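Since every read-out is calculated from the coordinates, none of them should be taken as a lab result. Because the structure is a prediction, the values reported are computed rather than measured. All Cβ positions, glycine included, derive from the backbone under ideal geometry; neighbour counts span all protein chains shown.
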Amino acid sequence: MGTVIALEQYRQRQVPDEHLDSVLYPRPRINDSEIFSKDYSRLENVVFAILKVREILRYHIFTNEEWHYLILCVLDAAYYFDTEKSQLLKEATTSLKNYILDEINARNGKDMTAALLLMDLIEKSPRMKKTAATD
């Protein structure tokens, strides 16, 4: 059964209080030296990047859950990566990057740019270049 609520209460339910959100999910810690010191041709570093992007999106995008599926697609494509399936990783990272670009705004721009950078590093790692050159 439906309930009648004031418009202000409805708005508060749609956009949770900033304090409550930061308690549930702490602000992502982004360290440039940690990001650039990794070799993204290795699976464990790809997993690090995907988890960092997940941390960023979980903090900034709490109303839409489409990104969960997109991150899993990137992880799956990276895990099963080989010469024949190299295009799958490019498509998965492109889909996630397009989603991030749609959700970027002035408040989350710095963190979302880091997420885009991580996706680019995964897509353009030396392993990807080597297999693309042999195609």
With the 8 Å Cα cutoff and a minimum separation of six or more residues, the range 27-134 has a relative contact order in percent of 38
For the range 27-134, the Cα-Cα pair-distance distribution in 5 Å bins from 0, as whole percents, is 2, 13, 26, 25, 19, 10, 4, 1, 0
Checking the range 30-71 for GluC sites (Glu not before Pro) in a loop per DSSP with at most 12 other beta-carbon atoms within 10 Å yields E65
Count of lysine pairs, the range 27-134, Cα-Cα under 17 Å, sep. 8 or more residues or interchain, comes to 13
